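Notes follow once the structure below has been shown.
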Amino acid sequence: MSAPQSFDDIRDEFEFLDREDRYRLLIELGRALEPMPEALKTDATKVRGCSAQVWVYPVPQPDGRLHFLADSDAHITKGIVALILALVQDRPAADILALDIRERLAPFDLAGQLSSNRTQGIPNMIELIRATAARLAA
Amino acid sequence: MNAPAAILPATFDRRGDFPAIKGWSYLDSAATAQKPQVVIDAITRAYATDYATVHRGVYARSASMTEAYEAARERVARFIGAASPDEIVFVRGATEAINLVAQSWGRRLQPGDRILISALEHHSNIVPWQLLRDRAGIEIDVAPLTEDHRIDLDALEALLTPRTRLVSIAHVSNVLGSIADVARVAKAAHAVGAKLLVDGCQAAPRLAVDVQALGCDFYTFSGHKLYGPTGIGVLWAYGDVLADMPPWHGGGAMIETVSFARTTYAPPPARFEAGTPHIVGALGLAAAIDYVESIGLERIARHEEALGRAARDMLRSFNSIRLFGPEDSAGIVSFAMDGVHPHDIGTILDEAGIAIRAGHHCAQPLMETLGVPATARASFGIYNIDEDVGRLAAGIEKIVRIFG
């Protein structure tokens, strides 16, 4: 199983997998994520969460696109981080704002990972991406 | 015919008492316990047909509610072996109890006085003392752990000084399940003139507690971990200790007379129960105590110890798993898996209908001591059965397969 590139490809592959392979796919996506330099994993880039930590560092590009460096110490969470980045990475801020990230992620909602009352890591990451995009698009 | 205790099975099946359990392997009782129907019924009755305020009304309903509220206090006193119900202060939970002691009893402390805690304490037994330190200039000492993750009592004794005014430790660790030898700590603390506060949150639901036999000076636990409601807990201290403590929250019910020039305060426990108390919480807690005592704390302890031991043996069979805490832990098992974050473990187990806790368990300094950012924790309660350990094993096997 090799990590597919586009979000839609990932979703199509995901649909055909059984539960255990879905986890494997997410873990693999996380492993294939662009590494986030350790020096960037600070309290300033840490997203509020409980048991799994998530770090996000937005890097606005001169042409108005947004690049993100992100990571998590939990594998499944990191896979979801990778999924989110597959949606938003290097896109113009206005495009990111127009996306309903939560809705696009719904098919991947394994064991309620994305519900806001569980761990705030992923929902807070989505909020941070939207806030950054809103600031840049303004 | 009664079978001798020795050949009774170690575990029992009380799932039917708990409407929330139905096929769910709930292994997070150390965070909060599920409620038996008898507790839910007591709460419903208290709000539905019996409800009125306490200590104030001239009407019969209020008088009977006051009696029930005070009977709950007596129930708690008997449960922990207190000499008098006047030694029982109802609080929101153990967190509030420890803050009460820090804010009220702690007012007498002078700069340079010391408080001794341990490396395995919950944040609720760390932060209130840090707040006091910031205000009063006291020092906090921390007793280390032994290799098998108990409080190192030799080291603790060596840290006692004539300036140590209070030792404050968990009776049972919420992360490791290790049981502290409270009687030994009490003796050592008293030898230097210090008092001993014991956080009994994880002990009260699992061990028979007798505060006088333990020899401590303060004991506290939360109702919700004892199969009772949230928002109700208990602080116990000897009557003369409480009588010597100033109030910390002002308001109704805690006063004797009020004038703008001068207010005099009620004797304890009323002195520490400002405002309308959590009446229904107290009644629910009494029902929970009736429930656990109907089974028997010794039986519950044996049940959870058997499940905890089975879980430890099962987890040990996986090469990638590291266990924390001593072998004789009280129904609480913390572990870590090589290359798998506890959050991943919790996520995959949840899908299999198994609820564990993943995280730092409000004990970040302990995580540092253990050298991990977080642990996975399975904790057992009355409603767990042997099969839950089997399901946990199947869940762990699945994780091993996924992470390969």
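The values are calculated or read from the model by the stated rules, or taken from the named source; none is laboratory data. Computed from a prediction, not measured in an experiment: that's the story for all the values here. Here Cβ is always computed from backbone atoms with ideal geometry, including for glycine, and neighbour counts include all displayed protein chains.
Quick look at the values:
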{"read-out": "Test result for A:Leu26, outside any helix (DSSP H, G or I) and in contact (Cβ under 8 Å) with a residue 60 or more places away in the chain", "value": "no"}
{"read-out": "Count of segment B:158-207 residues which are in a strand (DSSP E or B) and under 12 Å from the mean Cα position of the chain (by Cα)", "value": "5"}
{"read-out": "Residue list for segment B:392-404, filter: more than 14 Å from chain A (Cβ to nearest Cβ) and either closer than 23 Å to A:Ala52 by Cβ or buried (at least 23 other Cβ atoms within 10 Å of the Cβ) (or both)", "value": "B:Leu392"}
{"read-out": "Any chance B:Gly325 is out of contact with any Phe, Trp or Tyr (no Cβ under 8 Å at 6 or more places or on another chain), on the phi > 0 side of the Ramachandran plot and away from chain A (no Cβ under 14 Å)", "value": "yes"}
{"read-out": "Whichever residue in segment B:387-404 is farther than 22 Å from B:Pro326 by Cβ and among the charged types (D, E, K, R) and, among such residues, is farthest from the chain's Cα centre (by Cα)", "value": "B:Arg401"}
{"read-out": "Single residue of A:Val47, A:Val81 found to be within 14 Å of chain B (Cβ to nearest Cβ) and at pLDDT below 90", "value": "A:Val47"}
{"read-out": "Strands (runs of 3 or more DSSP E) contained entirely in segment B:313-378, each with at least 3 residues that are in contact with a strand residue (DSSP E or B) (Cβ under 7 Å, 6 or more places away or on another chain) and not assigned by TED's automatic domain parsing to the domain that holds B:Arg150", "value": "B:321-324, B:332-337"}
{"read-out": "Pairs where the first residue, in segment B:260-274, is under 16 Å from B:Ser104 (Cα atoms) and the second is part of a helix (DSSP H, G or I) and of a type in the set (Gly, Ala, Ser), C-beta under 8 Å, 6+ apart", "value": "B:Pro267/B:Ala243; B:Pro268/B:Gly239; B:Pro268/B:Ala243"}
{"read-out": "Top-ranked residue in segment B:331-373 [being buried (at least 20 other Cβ atoms within 10 Å of the Cβ), in contact with a His (Cβ under 9 Å, 6 or more places away or on another chain) and more than 10 Å from every other protein chain (Cβ to nearest Cβ); ranked as farthest from B:Asp28 (Cα to Cα)]", "value": "B:Leu370"}
{"read-out": "Criterion (within 18 Å of A:Trp55 (Cα to Cα) and either in a helix (DSSP H, G or I) or modelled with pLDDT of 95 or more (or both)) met by exactly one of A:Leu97, A:Leu87, A:Leu105", "value": "A:Leu87"}
{"read-out": "Single unsatisfied condition, A:Ala52 versus (1) at pLDDT 90 or above; (2) within 14 Å of chain B (Cβ to nearest Cβ); (3) crowded, with 24+ Cβ neighbours inside 10 Å", "value": "(1)"}
